[in-house]
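Enquirer: The structure that follows is given in the form of structure tokens.
The values are calculated or read from the model by the stated rules, or taken from the named source; none is laboratory data. The model shown is predicted, which means the values in this text are computed figures rather than measured ones. Quick reminder, even Gly has a Cβ in these numbers, built from the backbone with ideal geometry, and neighbours come from all protein chains shown. For accessibility, only protein heavy atoms count, side chains too; no ligands or nucleic acids. Shrake-Rupley method; radii C 1.70, N 1.55, O 1.52, S 1.80 Å.
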Amino acid sequence: MTTTVGAPTTFDLGPAQALSCRECGHQIPLAPEFACAECFGPLEVAYSFGRIRREDIEAGPKSIWRYRDLLPVPSDVDSHPNTQPGL
């Protein structure tokens with residue numbers, strides 16, 4: 001069992017919105033948690049993708065970054081220096 005001190009930290013992970021219990025549906029903010037505090041069921045990431053079209057993905061760069069809107073990465077990932085790992 002984990003203990004949270006103070007208010008939970010808010011993470012900007014793009015479409016990843018919360019952690020949701022697979023058993024009871026209880027949601028908590030994104031955090032390094034793995035079990036539901038209500039029923040001890042497993043937590044999984046709940047996403048909110050909005051409207052993403054196949055054409056938009058296909059028009060993106062020929063790398064993993066074409067899927068950026070589907071990945072749990074910060075919204076401002078373009079401003080970080082290493083946006084093309086392996087090159």
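Enquirer: For Glu44, all conditions in the list (1) at pLDDT 95 or above; (2) in a loop (DSSP other than H, G, I, E, B); (3) open to solvent by 80 Å² or more (accessible area, probe 1.4 Å) hold save one; what is the number of the exception?
Expert: (2)
Enquirer: I would also like to ask the following. Could you list, ordered by first residue, the pairs with Cβ atoms under 7 Å in which the first is in segment 10-26 and of a type outside the set (A, V, I, L, M, F, W, C) and open to solvent by 60 Å² or more (accessible area, probe 1.4 Å) and the second is in a loop (DSSP other than H, G, I, E, B) and modelled with pLDDT of 85 or more, at least 6 apart or interchain?
Expert: Thr10/Pro29; Gln17/Ser48; Arg22/Gly41; Glu23/Cys36; Glu23/Cys39; Glu23/Gly41; His26/Cys36; His26/Glu38
Enquirer: Could you list all residues from segment 62-76 that are without any contact (Cβ under 8 Å) to a residue 40 or more places away in the chain and either closer than 13 Å to Ala16 by Cβ or open to solvent by less than 70 Å² (accessible area, probe 1.4 Å) (or both)?
Expert: Within segment 62-76, Ser63, Trp65, Arg66 qualify.
Enquirer: Could we say that Gly50 is at pLDDT below 90 and either open to solvent by 80 Å² or more (accessible area, probe 1.4 Å) or more than 20 Å from the chain's Cα centre (by Cα) (or both) here?
Expert: Criteria not met by Gly50.
Enquirer: Follow-up question, since we're still on this one. With the structure loaded, tell me whether Ala37 is open to solvent by 80 Å² or more (accessible area, probe 1.4 Å) and modelled with pLDDT of 85 or more or whether it fails that test.
Expert: yes
Enquirer: Going through segment 53-67 one residue at a time, which ones are at pLDDT 90 or above and among the β-branched types (Val, Ile, Thr)?
Expert: The one that is at pLDDT 90 or above and among the β-branched types (Val, Ile, Thr): Ile57.
Enquirer: When residues of segment 10-27 are filtered for being outside any loop (DSSP other than H, G, I, E, B) and over 25 Å from Tyr67 (Cα atoms), how many remain?
Expert: Residues that pass the stated criteria total 2.
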